[in-house]
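In what follows, a structure is listed as C-alpha cells, so that the remarks can point back to it.
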Amino acid sequence: MIAEKVPVTTQPGPVKPKRASQLKIIPAAKELQTVVERWRRGRKKIGLVPTMGALHDGHLSLIREARKTCDRVIVSIYVNPIQFGPQEDLADYPRDAKRDIRLLRAEKVDCLFTPTDEEMYPAGFDTRVVVNEKYTKPLCGESRPQLFVGVATVVAKLLALTRPQRAFFGQKDYQQCLVVTRLAADLNTGCEIVMLPVVRETDGLAKSSRNVYLNEDERRAAPAIYQALKLAEGMLQVGERNPQALLEAVRKRLRSESLIQIEYVSAKNADTLEDLNILAGRVLVAIAVRLGKARLIDNSIVAVPTGSGSK
C-alpha cells in the first residue's frame, strides 16, 4: 500500500507586534537614569545622539543609523554653555524646540533628554574633563580654547547618564569626534563612538544649525568651502604631496569669494592631528571660515599612498 503524499503547507506563526515608539521627554537626570536602568536590565542596546538642537538632516542621519543598530535611541538637546566663549553665539544659538520634537517623533526616537543648566551643572559643580592637547589645541582649539574642555565635560556626563553601547557623531565636527573617541576609550565607558559622513546641501555646503545665520549673499558664497575641499582632494589624487602648495591653492579658492574670512586651512594626519611635511597616509584637510555672523567648518579625509607621486 502506497501512502498518499499529502501536500505540506506552512502555517504562518504568530505575528510579533511592532513596538510602538512613543517619545518620552525627560528633563531630569534621575528620571533618565531610571529609564536607562530599566532598558539595561532588559538587555536593550542603547544608542545616544547628542545634539544642541535646531535639528537638520545631518542630525537625522545619526538618528536613523542609531535606530537601525540599537534597540532604544536617546537624543539629547542641550546648548552647552561651558563650550562657548564670552564673545560667541550662546545667546543667539538657533533653537526650535517644537520643530525638533516633531522631527524626533517622526523618527521614532524613544527618549529626548532636555536638561536645564541647573540640571547639568548644579550648585557646587566643580569638574572639568581634559583631553590631551594634541587633540584639542590645534584647529578649532586655537581660536576657541574653551571648546573641547566644554565638549569633553558634557559628553562625559551624557555617557554616564545614558550608559549607551553606541554614540553617534558627524564627521563635520571631526576634531570633536577624535576628542570624544579618546575620552570614551580612556574612561572605560564601554561605548563605541560611531562617526558618520558629512551630510550636505545639493551645492555641497555642509548641513549645520548655524547655516540659518547666512544672508542671501553669504549663502551664495558658502559652497566655495566645499569646492575648496574638492580642489584639495583632486590635487592629492593626481600626486600633490607638498602641504604648502596644497594649502595655498585651497586658500586661493576661498579668497575668490570676498565675503569669506579664513580662520584656518590645514592639512594634518587624520589620526593624530600632527602636521605633515609630506602629504601621505590619511590626510585631513580642514577648513574654518567666517561668513558674516556664521562660523562654518568642514573637512575631507583622503587616503594617500605613502611614497606615491611626490611633487
When every residue in region 86-106 that is under 19 Å from F168 (Cα atoms) and of a type outside the set (D, E) is compared, the one surrounded by the most Cβ atoms within 10 Å (Cβ to Cβ) is L104
Within region 76-85, identify whether any single residue is assigned to a helix (DSSP H, G or I), surrounded by fewer than 19 Cβ atoms within 10 Å (Cβ to Cβ) and hydrophobic (A, V, I, L, M, F, W, C), and answer yes or no.
yes
Sort out which residues of region 264-283 are farther than 18 Å from P305 by Cβ and either surrounded by fewer than 18 Cβ atoms within 10 Å (Cβ to Cβ) or of a type in the set (S, T, N, Q) (or both), and write them in order of number.
Y264, S266, T272, E274, D275
Read through the list (1) among the hydroxyl-bearing types (S, T, Y); (2) touching a residue at least 60 places away in the same chain (Cβ under 8 Å); (3) in the same structural domain as V35 (by TED's automatic domain parsing); (4) farther than 17 Å from A286 by Cα, then give the number of the only condition that T181 fails.
(2)
If we only count helices (runs of 4 or more DSSP H) wholly inside region 101-171, which ones have 3 or more residues that are in contact with a strand residue (DSSP E or B) (Cβ under 9 Å, 6 or more places away or on another chain)?
140-143, 147-162
Please find, within region 145-167, the residue that is surrounded by the most Cβ atoms within 10 Å (Cβ to Cβ) out of those that are touching a residue at least 40 places away in the same chain (Cβ under 8 Å) and among the small types (G, A, S).
A167
First in region 61-79 and free of Cβ contacts under 8 Å to residues at least 12 places away in the same chain and not assigned by TED's automatic domain parsing to the domain that holds D96, second anywhere and assigned to a strand (DSSP E or B) and not β-branched (V, I, T), Cβ under 7 Å, 6 or more apart:
none
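The values are calculated or read from the model by the stated rules, or taken from the named source; none is laboratory data. Computed from a prediction, not measured in an experiment: that's the story for all the values here. Heads up, the Cβs are rebuilt from the backbone with ideal geometry, glycines too, and the neighbour counts pull from every protein chain shown.
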